Amino acid sequence: MARVRRGFKARRRRNKVLKLAKGFHFDRRTKYRHTAETVKRALHYAYISRRLLKRDMRQLWIARINAATRELGISYSQFIGKLRAKGLDLNRKMLSEIAARDAVGFKAIVEAVTK
């Protein structure tokens, strides 16, 4: 029986991990064992950071809205409560953009809510 050459699947699996290590330094890029460990950790941190980014952005939006509403003499929580009571469906991202870029428009929203 002829000799079977092996290694294609294993090489393809290793190369997939090594390709993810682009930009790493020294053994973390060249040696598979170090690379696999580092790539696994990097992917884990990337997964976590995607969720942390959402949290950080929501905090930023709330801080912007809070600053703008306090200038107009109402607290953030009162503003959001009255906004919901009036049935105005504006999410925090859009409210913060309006507050940061269009002060007159945001003032109109606050006045519409506080009537």
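The values are calculated or read from the model by the stated rules, or taken from the named source; none is laboratory data. Because the structure is a prediction, the values reported are computed rather than measured. When we count neighbours, we look across all protein chains shown, and the Cβ atoms used for this are built from the backbone with ideal geometry, even at glycine.
Please indicate, with yes or no, whether at least one residue in the stretch 64-73 is touching a Leu at 6+ places or on another chain (Cβ under 6 Å), in a helix (DSSP H, G or I) and closer than 30 Å to Leu90 by Cα.
Keep residues of the stretch 64-73 that are touching a Leu at 6+ places or on another chain (Cβ under 6 Å), which gives 65.
Remaining after also requiring in a helix (DSSP H, G or I): 65.
Among the residues that remain, those that are also closer than 30 Å to Leu90 by Cα are: 65.
The answer is yes; a qualifying residue exists.
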Criterion: touching a helix residue (DSSP H, G or I) at 6+ places or on another chain (Cβ under 8 Å) and part of a loop (DSSP other than H, G, I, E, B) - qualifying residue of Leu90, Leu43
Leu90
Any idea how many residues of the stretch 91-112 are hydrophobic (A, V, I, L, M, F, W, C), surrounded by fewer than 12 Cβ atoms within 10 Å (Cβ to Cβ) and under 25 Å from the mean Cα position of the chain (by Cα)?
1
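Quick grid of which residues meet (1) farther than 30 Å from Val104 by Cβ; (2) of a type in the set (Lys, Arg); (3) touching a residue at least 40 places away in the same chain (Cβ under 8 Å):
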position	(1), (2), (3)
Lys9	yes, yes, no
Lys31	yes, yes, no
Ile48	yes, no, no
Arg51	yes, yes, no
Leu60	no, no, no
Arg70	no, yes, no
Identity of the residue in the stretch 37-90, under 24 Å from the mean Cα position of the chain (by Cα) and modelled with pLDDT under 95, that ends up farthest from Asp27 (Cα to Cα)
Asp89
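Residues in the stretch 17-29: is at least one surrounded by 14 or more Cβ atoms within 10 Å (Cβ to Cβ) and not in a helix (DSSP H, G or I)? Spell out the reasoning first.
Taking the stretch 17-29 first, the residues surrounded by 14 or more Cβ atoms within 10 Å (Cβ to Cβ) are 17-18, 20-21, 24, 28-29.
Of the ones still in play, those that are also not in a helix (DSSP H, G or I) are 21, 24.
Checked against the condition, which is being surrounded by 14 or more Cβ atoms within 10 Å (Cβ to Cβ) and not in a helix (DSSP H, G or I), the stretch 17-29 yields at least one hit.
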